[in-house]
Amino acid sequence: MRRPIIAGNWKLNKTIAESLELVNNLKRQLLDVEEVELVVCPPFTALAEVAEALFETNIQVGAQDCYWEDSGAFTGEVSAPMLKDAGAKFIIVGHSERRQFFSETDQTVNKKVKAVLKAGLTPIACVGENLTQREKGQTFAIIESHIKGAFDGISAEDAAGIVVAYEPVWAIGTGKTATPQQAQEAHNFIRKLLAKLYNDDVAGSVRIQYGGSVKPANARELMAQADIDGALVGGASLEAESFAAIVNNSRGVSK
Ligand code: PEP
């Protein structure tokens, strides 16, 4: 059984004070959640204080990105060991906004996955096609290239612990959600691909989140799909009420 994992990606939002207000609310609202693993990914500036506020709670902290070197002359970058030091347990890599606005490639995503694993943290590796690619029938080819890129040179043991986020770019921040059937089809493709690249054990262990306009109203049906093991939530993770409702609506779904 894979334990579902729901993560909030706050993107470029929230001061330290706003971050603390949000997590203090979440702590109260999600106190009794055990069956779903919970993660919030604040901006770098708030990460250490959020981690302190969430210390020994059921909500863990993630970062939204990292650089692949541990230290050195890389002005403006933050490394995985630094994020671990600040309290992160997860790091999102290869988010479509990083690929689109900051020229990330499958190669740089792979370096970051390796850096996150080397630091003893869990990568949340994002994959997914954009609208043009979907309309041209390239969805599976793009997902395959993202997965092969992210997992290149990763051992089966490490691969089993990676979290994959399938995020169709056309559904991110647009209010358009993939239908549960579209999402399940892509998730099943990813799981079968992992079985081919590794084996059934790895494919059965990797948790695959869905991301793209997840809201309280659509969370339950998405989470009920056989290969959907949680969600990566952007916009709806910025308010405690909507994030908590997504989590609560995802609990106890029968598959
Ligand atoms: C995201 O940024 O990972 C995301 C899925 O955003 P949203 O939920 O706002 O579509």
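The values are calculated or read from the model by the stated rules, or taken from the named source; none is laboratory data. Quantities reported herein were computed from a predicted structural model and do not represent experimental measurements. Because the Cβ atoms are built from the backbone with ideal geometry, glycine has one as well, and the counts that use them run over all protein chains shown.
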(Q) Quick check on this structure: which one of Leu20, Leu31 is more than 28 Å from Val164 (Cβ to Cβ) and part of a loop (DSSP other than H, G, I, E, B)? (A) Leu31
Q.
One residue is enough: does region 175-196 have a residue meeting the conditions under 17 Å from the mean Cα position of the chain (by Cα), in a loop (DSSP other than H, G, I, E, B), within 15 Å of the ligand (Cβ to nearest atom) and touching a residue at least 12 places away in the same chain (Cβ under 8 Å)?
A. yes
**Q.** Residue list for region 18-45, filter: of a type in the set (Asp, Glu) and in contact (Cβ under 8 Å) with a residue 60 or more places away in the chain
**A.** Glu35, Glu37
Q. Would you say Glu104 is free of Cβ contacts under 8 Å to residues at least 12 places away in the same chain, surrounded by 15 or more Cβ atoms within 10 Å (Cβ to Cβ) and within 24 Å of Ala63 (Cα to Cα)?
A. yes
**Q.** Residue check for Phe74: modelled with pLDDT of 95 or more and within 30 Å of Ile142 (Cβ to Cβ)
**A.** yes
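Determine which member of the set Ala171, Ala125 is more than 16 Å from Arg207 (Cβ to Cβ) and within 16 Å of the ligand (Cβ to nearest atom). Even if it seems obvious, please write down each step before you answer.
On the way: Ala125 fails: more than 16 Å from Arg207 (Cβ to Cβ).
Answer to the check: Ala171.
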Q: Output the residue which, of all residues in region 74-101 that are part of a loop (DSSP other than H, G, I, E, B) and within 17 Å of Ala165 (Cβ to Cβ), is nearest to the ligand (Cβ to nearest atom).
A: His95
Q.
Test of understanding: among Ala217, Ala236, Ala203, Ala231, which residue is part of a helix (DSSP H, G or I), modelled with pLDDT of 95 or more and within 12 Å of the ligand (Cβ to nearest atom)?
A. Ala236
Q) In region 197-216, which residues are touching a residue at least 40 places away in the same chain (Cβ under 8 Å), hydrophobic (A, V, I, L, M, F, W, C) and under 14 Å from Asp158 (Cα atoms)? A) Leu197, Val202, Val206
Q: Please name all residue pairs, on different chains or six or more residues apart, with Cβ atoms under 8 Å, provided the first residue is in region 121-132 and is free of Cβ contacts under 8 Å to residues at least 12 places away in the same chain and under 14 Å from Gln64 (Cβ atoms) and the second residue is within 14 Å of the ligand (Cβ to nearest atom) and assigned to a strand (DSSP E or B).
A: none
(Q) Considering only region 36-47, I want to know if a residue exists there that is acidic (Asp, Glu), within 16 Å of the ligand (Cβ to nearest atom) and within 18 Å of the chain's Cα centre (by Cα). (A) no
Q) Just wondering, is there one or more residues in region 195-214 that are on the phi > 0 side of the Ramachandran plot and in contact with an Asp or Glu (Cβ under 8 Å, 6 or more places away or on another chain)? A) yes
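Scan region 206-247 residue by residue and report those that are of a type in the set (D, E, K, R) and touching a Gly at 6+ places or on another chain (Cβ under 7 Å).
Arg207 - this is the single residue of region 206-247 that is of a type in the set (D, E, K, R) and touching a Gly at 6+ places or on another chain (Cβ under 7 Å).
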